[in-house]
1. Do any strands (runs of 3 or more DSSP E) lying entirely in chain A carry at least 2 residues that are surrounded by fewer than 17 Cβ atoms within 10 Å (Cβ to Cβ), without any contact (Cβ under 8 Å) to a residue 24 or more places away in the chain and under 12 Å from the mean Cα position of the chain (by Cα), and which ones are they?
2. Within segment B:238-252, is there a residue that is under 14 Å from the mean Cα position of the chain (by Cα) and either crowded, with 21+ Cβ neighbours inside 10 Å or β-branched (Val, Ile, Thr) (or both)?
3. From B:LEU219, B:LEU284, B:LEU291, B:LEU223, which residue is within 26 Å of B:THR107 (Cα to Cα) and touching a Gly at 6+ places or on another chain (Cβ under 9 Å)?
4. Are any residues in segment B:311-331 crowded, with 18+ Cβ neighbours inside 10 Å and in contact with a helix residue (DSSP H, G or I) (Cβ under 9 Å, 6 or more places away or on another chain), and if so, which ones?
5. Looking only at segment B:48-73, count every residue that is touching a Phe, Trp or Tyr at 6+ places or on another chain (Cβ under 8 Å) and more than 13 Å from chain A (Cβ to nearest Cβ) and tell me the total.
6. Consider segment B:76-99. How many of its residues are closer than 20 Å to B:HIS162 by Cβ and within 8 Å of chain A (Cβ to nearest Cβ)?
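The values are calculated or read from the model by the stated rules, or taken from the named source; none is laboratory data. Everything numeric in this text was worked out from a predicted model, so none of it was measured. Heads up, the Cβs are rebuilt from the backbone with ideal geometry, glycines too, and the neighbour counts pull from every protein chain shown.
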Amino acid sequence: MDTFCGRCGEPLGDSPHAACDAQLALEPPRFCTACRRRMKVQVTPRGWSAECVEHGTLTG
Amino acid sequence: MTDILERARTTTLDHGQGLSYDELVEVLRLPDDRVPELLELAHAVRMKHCGPEVEVEGIISLKTGGCPEDCHFCSQSGQFTSPVRSVWLDVPQLVKAAQETAATGATEFCIVAAVRGPDERLMSQVRDGIRAIQEAVDINVACSLGMLTQEQVDDLAAMGVHRYNHNLEAARSYFPSVVTTHSYEERWGTCQMVRAAGMELCCGGLVGMGETLEQRAELAAQLAELDPHEVPLNFLNPRPGTPFGDLPVMDSADALRTIAAFRLAMPRTILRYAGGRELTLGDLGTRDGLLGGINAVIVGNYLTTLGRDADEDLALLTDLKMPIRELAKTL
């Protein structure tokens, strides 16, 4: 279960992050949703990867 | 006085000359109900002076984030609280990205670094990367590495870089509101050196950064004076943590007026859709711009944000009967 927003890094709690969710269609996540660390993100012409040193790498 | 679009038709379509600053201001002041007529003229100018082909390009960030400059639109500046972290791409990943770009039919692959200007480490990485791409992929390599010295210009030309990107970013009068860590004149100087060295010059800017309509016309006129081979037109995508992060997204009718005005300022240039079009124009606006003066696209993703699906853009070009420019014709 995600604890933090991948875009803004704020706790998800009970508040919606609808604007962030919409933006995540146009940009990769910058924060690890498990620990809030800023991830190392590489965007390529046809994909992206986002690496958290603790929780591994996401790709899209 | 005759109508601005009548005069523009004579100047740009019949004579192939660009509009003046004053005329561009008039174009940008046209009401919404005349935008379709404006786009129709811009499209006719593009078709007559450039043809139906579209140049497709992919871009890649070789060095992301941590930039010492303070370009207020950019999430890669180390001076802001942007969440973008510093990352370097290795050569095998660079080659893979070039191969993926070439597979779309693109003829251009631009290597970009978020720096004031390249140091020896970056120049070495670029040298190795270009050599590896040239051995593996049939594609033109372009670079965007910030401000250059003459020696670096000469080195890049010797490496086979055929086009160098260095945007003016904004009109001269608005530039100090956008960047304070270097000057408009420094950017202009790099552009002049690039062209003198025989590389093609790619130079454009961003709109929707709070500039006035007159400053938008000023940017177009200053680009026309510089006369680059290619003009990438970006629409501000307000990035979190940057000084422009809270600006509104540009109105789509204004964006289309700007596209057409840039085409009428530079009837023969390669006018490229660059960043922000997905947010500003959406799918329908993307189509309108291609029918309003645009004749080049960045396919796929940008440096830190995502673009339209490459296959959707390619399908749109097929639908519009706009063939992708072939590699041989770009050399």
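1. Because the criterion is at least 2 residues that are surrounded by fewer than 17 Cβ atoms within 10 Å (Cβ to Cβ), without any contact (Cβ under 8 Å) to a residue 24 or more places away in the chain and under 12 Å from the mean Cα position of the chain (by Cα), the strands (runs of 3 or more DSSP E) in chain A that meet it are A:56-59.
2. Narrowing segment B:238-252 to residues under 14 Å from the mean Cα position of the chain (by Cα): none.
No, segment B:238-252 contains no residue that is under 14 Å from the mean Cα position of the chain (by Cα) and either crowded, with 21+ Cβ neighbours inside 10 Å or β-branched (Val, Ile, Thr) (or both).
3. Selected residue: B:LEU223, the only one of B:LEU219, B:LEU284, B:LEU291, B:LEU223 that is within 26 Å of B:THR107 (Cα to Cα) and touching a Gly at 6+ places or on another chain (Cβ under 9 Å).
4. Selection gives B:ASP313, B:LEU317, B:MET322, B:ILE324.
5. Adding up the residues that qualify gives 3.
6. Counting residues in segment B:76-99 that are closer than 20 Å to B:HIS162 by Cβ and within 8 Å of chain A (Cβ to nearest Cβ) gives 1.
Here's the yes/no breakdown for (1) at pLDDT 95 or above; (2) more than 9 Å from chain B (Cβ to nearest Cβ); (3) on the phi > 0 side of the Ramachandran plot:
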| site | (1), (2), (3) |
| --- | --- |
| A:CYS8 | no, no, no |
| A:GLY13 | no, yes, yes |
| A:ALA18 | no, yes, no |
| A:ALA22 | no, yes, no |
| A:PRO28 | yes, no, no |
| A:PHE31 | yes, no, no |
| A:SER49 | yes, yes, no |
| A:GLU54 | yes, yes, no |
| A:LEU58 | yes, yes, no |
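Every residue, every condition in (1) of a type in the set (Gly, Ala, Ser); (2) closer than 30 Å to B:LEU306 by Cα; (3) at pLDDT 95 or above, yes or no:
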| position | (1), (2), (3) |
| --- | --- |
| B:THR2 | no, no, no |
| B:THR11 | no, no, yes |
| B:ASP14 | no, no, yes |
| B:SER20 | yes, no, yes |
| B:LEU28 | no, yes, yes |
| B:ALA42 | yes, yes, yes |
| B:SER61 | yes, yes, yes |
| B:PRO68 | no, yes, yes |
| B:HIS72 | no, yes, yes |
